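**Student:** Okay, here's the structure, questions in a sec.
The values are calculated or read from the model by the stated rules, or taken from the named source; none is laboratory data. Source: prediction; values computed, not measured. Counting neighbours? That spans all protein chains shown, and the Cβs are built from the backbone with ideal geometry, glycine included.
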Amino acid sequence: MTRRGNQRKLSDASAFTLLEVLVATLIAAIVLAAMNAAFYAALHLRSVTTDLVENSVPQGHAASILKADLRGTLITGGTMAISIESPGTESGNNQPTDLDIYTTTGVLRDNQPWGDVQKVSYLLKDSANASHPVGKDLIRAVTRNLLASTQPDLAEQPLLSGVSSVQFSFFDGANWQTTWDSTSAVTPAPQAIKVHIEFANGNSTGQGRLPLEVLVPVDGQVPSNSVATAGSVIGG
């Protein structure tokens, strides 16, 4: 009897009480809740980082193209070419544009009899891609043949999707102007051009993309009459 009683006492002493079980369960629940919060935060951070990386690539590409076009702006003013016009009109389609410029960014090719001067128009169009239902596409429309007697060939290049607005501003030396026409302005060209692009909220995290802003100084200003006269001779 004494031996069995000792074994029962030892068994009772090694068992967990109900209070100890409840405390252990509560601690485990707290640890699991903390792990779940950390895991959710890690997934959210991964999603935000993925969106930032995916968006930064096309934005960087679009910014480099915008900078190249604006830096190569041909300052003529006159009848041969409207150097800078905002807002403008897309060649052939007569669609309103946010900016029309003549720039020296055309690629010289052996099979094309054109120089490096081309007309570039920037405009917003409804997105044709079903995967980007929010916002519009920023389109870069390029006209290479500037002397065409008929409707010129127009090549459109989508630069950015999900754009809600694009604003071109022009620094006249004292203030920023929202419109510009080099044929009627006192000076043929602004001293700098700023592009501000806003994006619509439509990414996987539900957060808006940061705006894209590009500021480009306009270096040279060529007198309008000499280029316009040369253009009239070539056109004839």
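**Student:** Report, by residue number, each residue of the range 180-210 that is within 21 Å of Thr73 (Cα to Cα) and modelled with pLDDT of 90 or more. Don't jump to the end; show me each part of the working.
**Tutor:** Let us first name the residues in the range 180-210 that are within 21 Å of Thr73 (Cα to Cα), namely 180-197.
Those that are within 21 Å of Thr73 (Cα to Cα) and modelled with pLDDT of 90 or more: Ala192, Ile193, Lys194, Val195, His196, Ile197.
**Student:** If you go through the range 145-158 one residue at a time, do you hit one that is among the β-branched types (Val, Ile, Thr) and either at pLDDT 80 or above or buried (at least 18 other Cβ atoms within 10 Å of the Cβ) (or both)?
**Tutor:** From the range 145-158, those among the β-branched types (Val, Ile, Thr) are 150; that's our starting set.
Imposing the further condition that a residue be either at pLDDT 80 or above or buried (at least 18 other Cβ atoms within 10 Å of the Cβ) (or both) reduces the set to none.
No, there is no match, as no residue in the range 145-158 is among the β-branched types (Val, Ile, Thr) and either at pLDDT 80 or above or buried (at least 18 other Cβ atoms within 10 Å of the Cβ) (or both).
**Student:** Looking at Ser161, is it modelled with pLDDT of 85 or more, under 16 Å from the mean Cα position of the chain (by Cα), surrounded by 14 or more Cβ atoms within 10 Å (Cβ to Cβ) and among the polar types (S, T, N, Q)? I'd like the intermediate steps shown before the answer.
**Tutor:** Working: modelled with pLDDT of 85 or more: yes; under 16 Å from the mean Cα position of the chain (by Cα): yes; surrounded by 14 or more Cβ atoms within 10 Å (Cβ to Cβ): yes; among the polar types (S, T, N, Q): yes.
The answer is yes for Ser161.
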